[in-house]
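Below: the structure, in structure tokens.
The values are calculated or read from the model by the stated rules, or taken from the named source; none is laboratory data. Note that the structure is a prediction, hence the values are computed from the model and not measured. Here Cβ is always computed from backbone atoms with ideal geometry, including for glycine, and neighbour counts include all displayed protein chains.
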Amino acid sequence: MKWLLRSKIVYLVCLLICLGGFFFALSKQQNLSRELSRREQHTRLSTEQLQKLAQTITVKISASELLGSGTLLKRQGQIYTVLTNAHVLRAAKPPYQIQTPDGRIYQANVLPVAKLQQDDLAVLQFRSPDIVYPVANLSDLSNLRVGDEVFVGGFIADLGHQNQSNLTKTQFIFTSGKVTLLLDKALEQGYQIGYTNDVRKGMSGAPLLNIHGEVVGINSLHKDPLWETPEVYQDGSQPEAYLQELITRSSMAVPVKSVNSYQY
């Protein structure tokens, strides 16, 4: 009887080990399938596709003249939310206007989002009762690596041409480059992503896109500023010397978070 009982116990132990191995293999296969499915959904877009996408989600922000660019963040009914840099709005007093990709001009309201006080970001809203505009898809820093290709499309002043109202015309500029640094913690004003893209005045507030067409940041600073000042982290410490040099030689962006982070 003892031998029979011992045999049953050994059999049950072996059965449990086999079942455990089976479920582990099944779980691993399911995780692999999910990962492959995720990669299929995040297909790489061509440069032409990325440029067209950038043009559909980028707006002009102006007062009496072009102040900068903005990113169509979300739509809720007839209300659209636009994300830009705080320094764009500091360039002129309100009221501000938003010009959408179809050329229509809307009056903009600035939202006092408390969560953004430490970052060079600002949120505006406008109402479009009859036109539906595409909005951005967001992605965080976890999906970005140094060396990844990134793209910026924004508006600059075309100083060589003026219209009949004596206002400077603008043109849409699209640039490509690669990520040079991803800081572990944010600098003052929230800058954390560095890249090689050549950006110009007026492109502040434009979306920084990855190869999948997702917005990973808001373009904020151009590289090689005229006045070099040591960068400081938000906690008051300073980056090491080699990072300081790399920051200076890089255009910089504030990373985006979830849409809910920009709600008032």
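Per-residue answers, yes or no, for (1) modelled with pLDDT under 90; (2) in contact with a His (Cβ under 9 Å, 6 or more places away or on another chain):
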site	(1), (2)
Tyr195	no, no
Val199	no, yes
Ala206	no, no
Asp224	yes, no
Pro230	yes, no
Pro239	no, no
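Within region 67-91, restricting attention to residues that are without any contact (Cβ under 8 Å) to a residue 60 or more places away in the chain and exposed (fewer than 15 other Cβ atoms within 10 Å of the Cβ), which residue is farthest from Arg200 (Cα to Cα)?
Gly77
Considering only residues of region 243-264 that are buried (at least 21 other Cβ atoms within 10 Å of the Cβ) and among the hydrophobic types (A, V, I, L, M, F, W, C), which is nearest to Val216 (Cα to Cα)?
Val256
Please find, within region 92-119, the residue that is surrounded by the most Cβ atoms within 10 Å (Cβ to Cβ) out of those that are among the small types (Gly, Ala, Ser) and touching a strand residue (DSSP E or B) at 6+ places or on another chain (Cβ under 8 Å).
Applying the filter and picking the extreme gives Ala108.
Could you count how many residues in region 154-189 are small (Gly, Ala, Ser), surrounded by 14 or more Cβ atoms within 10 Å (Cβ to Cβ) and at pLDDT below 95?
The total comes to 2.
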